[in-house]
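Please treat every number below as a calculation from the coordinates, not as lab data. Since the model is a prediction, treat every value here as computed from it, not as a measurement. Note: ideal-geometry Cβ built from the backbone for every residue, glycine included; neighbour counts use all protein chains shown.
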Amino acid sequence: MMNNPFVLDRAAALAQRVADQAGDGVEPRINLLYRLLYTRPPRAPEIAIGQNIIEQAGNGQRAWQLYAHVLLCGNEFIYID
């Protein structure tokens with residue numbers, strides 16, 4: 001999943017979808033990512049972690065692609081509980 005071209009492409013598409021639908025705010029984008037991927041709102045620590053990651057990565061489109069990629073590779077997305 002980490003280096004698969006299809007997954008990387010899907011992460012880029014997801015980041016663009018979130019940018020288009022949620023606007024420029026960091027927290028609204030994180031909320032939408034969690035709702036789309038995990039069908040639940042993010043918990044407060046998850047929002048804080050996401051905000052930190054995006055801030056450290058520069059809050060550009062590439063930062064959102066990388067963050068979406070990480071969430072796509074998470075156990076919660078891959079496995080049915």
Under the Karplus relation 6.51 cos²θ - 1.76 cosθ + 1.60, θ = phi - 60°, what is the ordered set of whole-Hz ³J(HN,Hα) values for segment 14-29, x standing for Gly and Pro?
-> 5, 4, 5, 4, 5, 4, 5, 8, 9, x, 8, x, 5, 5, x, 5
Mind checking which of A11, A68, A48 has the largest fluctuation in a GNM of the chain, springs on alpha carbons under 10 Å?
-> A48
When the chain is treated as a Gaussian network with springs between alpha carbons less than 10 Å apart, the largest mean-square fluctuation among L36, L66, L14 is found at L36
Candidates Q21, Q51, Q61: whichever shows maximal mean-square fluctuation once the chain is modelled as a Gaussian network with Cα springs under 10 Å = Q21
State to the nearest 20 debye the size of the charge dipole of the chain about its Cα centre, where the only charges are +1 on K and R beta carbons and -1 on D and E beta carbons.
-> 100
Rounded to the nearest whole number, the per residue volume of the convex hull around the C-alpha atoms of segment 27-81 in Å³ is 73
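State whether segment 1-60 is rounded, prolate or oblate according to the following rule on the C-alpha gyration tensor (a ≥ b ≥ c being the square roots of its eigenvalues): a/c under 1.5 gives rounded; otherwise a/b larger than b/c gives prolate, and the remaining case gives oblate.
Numbers: a/c = 1.45, a/b = 1.36, b/c = 1.07.
It comes out rounded by the Cα gyration axes.
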